[in-house]
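S.K.: The structure that follows is given in the form of C-alpha cells.
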Amino acid sequence: MAMVSEVSMNQANALKLQQSLKERESELEQCYIRMEKGEPPSEEIDRDWLKYLRDDDRRAYENEEKRLVCCLNFIYFFSYFKCGPLLFILFADHFSIPIQLTNKFLKPSYLKKY
C-alpha cells in the first residue's frame with residue numbers, strides 16, 4: 001500500500017513539474033515574440049533594466065559630486081595655505097580638477113595677493 005501511495009505522489013509531482021515546464025516554455029515563446037517586435041522581453045525585465053539604468057545614473061551622479069567636493073576641498077587647501085601656483089597646477093593636473101575651477105587661481109590679480 002505504501003508503494004502505491006508513493007508512486008501516486010511521484011506521478012502528481014511529475015505532472016506538476018510538466019505543467020510548470022509548459023508554462024515557462026510559453027512564457028519564453030512570448031518573450032521571443034515581443035523581442036521580434038522590438039519590445040522588451042517582459043515587463044519584469046523592462047522594470048529591472050530601468051531600475052539598473054536609474055541606479056547607474058545615481059551612482060555616476062554621486063561619484064561626480066564626491067569628485068567635485070574633493071576638488072573644492074583641494075582648492076580651499078591651496079588658497080588657505082597660500083601655496084605657489086606651480087604646485088597648484090601640478091596637483092590640479094594630477095587630480096583632474098576642471099579648468100573652470102583652476103582659472104580663478106591662475107589669474108595674476110589673484111596671485112598678487114600672496
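A short reminder: the numbers here are calculations on the coordinates, not readings from a lab. Source: prediction; values computed, not measured. Cβ atoms come from the backbone with ideal geometry, glycine included; neighbour counts cover every protein chain shown.
S.K.: Explain nothing, just compute: Karplus ³J(HN,Hα) = 6.51 cos²θ - 1.76 cosθ + 1.60, θ = phi - 60°, for every residue of the stretch 6-19 in order, whole Hz, x for Gly and Pro.
M.R.: 5, 4, 5, 5, 5, 5, 5, 5, 4, 4, 5, 5, 5, 5
S.K.: Between Arg24 and Glu36, what is the spin-label point distance in nm, taking each point 7 Å from the Cα along the Cα→C-beta axis?
M.R.: Placing both labels 7 Å along Cα→Cβ, they lie 2.3 nm apart.
S.K.: Using each residue's phi in the stretch 58-71, evaluate 6.51 cos²θ - 1.76 cosθ + 1.60 at θ = phi - 60° and report the 3J(HN,Hα) Karplus result to the nearest Hz, with x for Gly and Pro.
M.R.: The phi angles translate into 5, 5, 5, 5, 5, 5, 5, 5, 4, 5, 5, 5, 4, 4 Hz.
S.K.: Obtain the nm distance between the two label points defined at Met3 and Glu44 by a simple spin-label model: each point lies 7 Å from its Cα along the Cα-to-C-beta direction.
M.R.: With each label placed 7 Å out from Cα toward Cβ, I get 4.1 nm.
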